[in-house]
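Peer 1: I'd like to ask you about the structure that follows.
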Amino acid sequence: MSHPDPPFASRRRFLQSAAAAAGLIALPGWATAALPPAQDEWDLVIERTRRPIAQGRGRLITVNGQYPGPLVRLREGSEAVLRVRNTLDEWSSIHWHGLLLPPGMDGVPGVSFAGIPPGETFEYRFPVRQSGTYWYHSHSGLQEQLGLAGPLVIDGKAELEPFDRELVVMLTDWTFRDPARIMAILKKNAGYFNFQKRTVIDALTGRDGMGLADTARWGRMRMDPTDLSDVTGATYHYLINGHTSVAPWTGLFVPGERVRLRVINAGAMTYFDLRIPGLPMRVVSADGVEVRPVEVDELRIAVAETYDVIIEPKDQAYTLYAETMDRSGHVHATLAPKAGMVADVPRRRRRPLLSMADMGMSMDGMGGMDGMDGMDGTAGVERGPHGASLPVPHAGQGMAIAPPADLRGATYMQRSAAKGIDPADLSSLGAVPPHGPEAHGPTNQTVAQQPRRRLAERPLGLDDVPWRVLCYADLEAREVRPDPGPVSRDIEIHLTGHMERYIWSFNGKKFSEDPFIELTYGERVRIVYVNDTMMNHPLHLHGMFVEIENGRGLRRPLKHTVSVAPAERISLLVTADELGDWAFHCHLLMHMDMGMFRVVRVRPNAMAGRTR
């Protein structure tokens, strides 16, 4: 529900007018007019640019002088030629996020490409084998945080979902601090940017829903239930297509049109919750791959994910509202039939709290926390948004048509059944085992003793809103794919870290200790992620897509970036059909830089004798 904000409305309009008059916002061409046509050849220049941004003046690294960079538009079935010139005084690179291409064209220095030296040009050349919404960004140091990113759209040979107009919505986070300085601060004090910690009054009164017993447990763990984001609105400015909320971007439409919004989270460290009050969104694509349409009112978009949604706006203005997961900030834009129109802006919601269940802690009386994850469909008790217990509906209560709020305490099986998933597809996944005895060494702070499946759960902070929220369990491939055959083996990867030392890793080991995950060409494996940390991690595999085992059988959705919630155990299927070395990492930029990075090496199958 949207709320007017009268005390600040006049001031906001004044600031918007003043900012526009002062020319504070200089948008790339694709954000102010119709999207450009596709072309096969592009010339891109990486350069330092001092320019207005976020009501200040920043020193950015841009592409062709633009922030975000120019929209690169390609055609499925063509050969792309992208000449990238580096005018910096340091090495640089561009990675084409989510694209299927030869490893030498992937753009990750030190993996299968040296990088682009200062003053030189590198020509990326590859066949375009897919369509959809993607993006590009630097994979050198922290250049992505400094602005080196832009949208990428590939026109398909056939559009499965018709639309009349398309608009790109690129979400970013910008800071005037040197990102290297931010890293240094986090190493000394990981909670430095968290200005939403619980107070003594909160602990004594329990006014935020957390009692003294839970407060004591968090204290003994030396952890913080408000620790949702490492870098927050205390230093970040949030933008849509280069605009903050002071002078919002406006996307124009003709009433009655079917408008395709190509939404890209190009933030370095920020998850966003996206909604358009009063206007449903029909999700038709995830990470560039078409899915069976599902109508929602809000969705959480992790760092590096993309979603395409279809909207059908009426003859009025709407607010496109993107709120940070930790509620430390927001950015909004306007969708309207003509310039100058505005709509009410929602109030920012109160930040949620992590619970012991989010940490994978075994708790008496909690259903689904006994290692079985509610796979038998029995009822139990689950923690709500602030640690309070919630009643669980019993089987046979019309779960398929129950309002979303009634599912908050349901088991995973009940939640999935409400989304139309065949219980047989879920039962084939088996029970979720408890965490083993391995603590992953001194660089890991904790383990999720009782991890669980969370694909059918609403994300933290959206579990009690009275409207439809997208979950991974909702995603289903547009077409049934051929059965690729059996899985040869399982690979379990634990997401590990130590917040106080600001160390991030896989299986408690840094990249230099365990650099490779080795696969054989043509091999089909199950990769299991177990999140032992209190943070959400968007994990990105280069060069290949993964299939999320969400109970959809041969309609499992394909993704290149998968967000893993705290204490979550999630399984994916991967067919190693791309030879070479491929980066695999957390897409929170500073987590990757601090050790959450591996190389997936796909070796030739000796029997097949294939090489590339």
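Peer 1: Kindly indicate whether P151 is in contact (Cβ under 8 Å) with a residue 60 or more places away in the chain and part of a strand (DSSP E or B).
Peer 2: The answer is yes for P151.
Peer 1: Can you spot a residue in region 518-532 that is crowded, with 17+ Cβ neighbours inside 10 Å, at pLDDT 95 or above, touching a Phe, Trp or Tyr at 6+ places or on another chain (Cβ under 8 Å) and of a type in the set (A, V, I, L, M)?
Peer 2: So far as region 518-532 goes, no, none of its residues is crowded, with 17+ Cβ neighbours inside 10 Å, at pLDDT 95 or above, touching a Phe, Trp or Tyr at 6+ places or on another chain (Cβ under 8 Å) and of a type in the set (A, V, I, L, M).
For (1) touching a helix residue (DSSP H, G or I) at 6+ places or on another chain (Cβ under 7 Å); (2) under 26 Å from D106 (Cα atoms), each residue gets a yes or a no:
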position: L462; (1), (2): no, no
position: E479; (1), (2): no, no
position: I493; (1), (2): no, yes
position: H498; (1), (2): no, no
position: I503; (1), (2): no, no
position: G543; (1), (2): yes, yes
position: N550; (1), (2): yes, no
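Peer 1: Another question, if that's okay. Is there a residue in region 558-577 that is of a type in the set (S, T, N, Q) and at pLDDT below 95? I'd like the intermediate steps shown before the answer.
Peer 2: Our first condition is that a residue be of a type in the set (S, T, N, Q); within region 558-577, this holds for 561, 563, 571, 575.
This time we only want the ones that are at pLDDT below 95, so: none.
Looking for residues that are of a type in the set (S, T, N, Q) and at pLDDT below 95, one finds none in region 558-577, hence no.
Peer 1: Could I ask something else about it? I'd like the full set of residues that are in a loop (DSSP other than H, G, I, E, B) and closer than 30 Å to D230 by Cα, limited to region 325-343.
Peer 2: M325, D326, R327, S328, G329 - these are the residues of region 325-343 that are in a loop (DSSP other than H, G, I, E, B) and closer than 30 Å to D230 by Cα.
Peer 1: Among the numbered criteria (1) of a type in the set (G, A, S); (2) part of a loop (DSSP other than H, G, I, E, B); (3) modelled with pLDDT of 70 or more, which single criterion is violated by S416?
Peer 2: If we test S416 against (1) of a type in the set (G, A, S); (2) part of a loop (DSSP other than H, G, I, E, B); (3) modelled with pLDDT of 70 or more, just (2) comes out false.
Peer 1: If you don't mind, another one. Restricted to region 127-139, and to residues that are within 20 Å of the chain's Cα centre (by Cα) and not in a strand (DSSP E or B), which residue is farthest from D89 (Cα to Cα)?
Peer 2: S131
Peer 1: Moving on to the next point. With the condition kept exactly as written, say whether any residue in region 537-560 is more than 19 Å from the chain's Cα centre (by Cα), in contact (Cβ under 8 Å) with a residue 24 or more places away in the chain and buried (at least 22 other Cβ atoms within 10 Å of the Cβ).
Peer 2: Within region 537-560, one or more residues are more than 19 Å from the chain's Cα centre (by Cα), in contact (Cβ under 8 Å) with a residue 24 or more places away in the chain and buried (at least 22 other Cβ atoms within 10 Å of the Cβ).
Peer 1: So which residues in region 129-168 are touching a Pro at 6+ places or on another chain (Cβ under 8 Å), surrounded by fewer than 22 Cβ atoms within 10 Å (Cβ to Cβ) and not hydrophobic (A, V, I, L, M, F, W, C)?
Peer 2: Listed by number, the list holds a single entry, E161.
Peer 1: Do you know which residues across region 116-126 are assigned to a strand (DSSP E or B) and surrounded by 13 or more Cβ atoms within 10 Å (Cβ to Cβ)?
Peer 2: Hits for region 116-126 are I116, T121, F122, Y124, R125, F126.
Peer 1: Could you say which residue among V246, V284, V263 is farther than 24 Å from Y67 by Cβ, touching a residue at least 60 places away in the same chain (Cβ under 8 Å) and either crowded, with 23+ Cβ neighbours inside 10 Å or aliphatic (A, V, I, L, M) (or both)?
Peer 2: V284
Peer 1: Hey, another quick one. Looking only at region 423-438, decide whether some residue is surrounded by 17 or more Cβ atoms within 10 Å (Cβ to Cβ), at pLDDT 70 or above and either over 27 Å from the mean Cα position of the chain (by Cα) or assigned to a helix (DSSP H, G or I) (or both).
Peer 2: Looking for residues that are surrounded by 17 or more Cβ atoms within 10 Å (Cβ to Cβ), at pLDDT 70 or above and either over 27 Å from the mean Cα position of the chain (by Cα) or assigned to a helix (DSSP H, G or I) (or both), one finds at least one in region 423-438, hence yes.
The values are calculated or read from the model by the stated rules, or taken from the named source; none is laboratory data. Nothing here was measured: the structure is a model prediction, and the numbers come from that model. Reconstructed Cβ throughout: ideal geometry from the backbone, glycine too, with neighbour counts over all protein chains shown.
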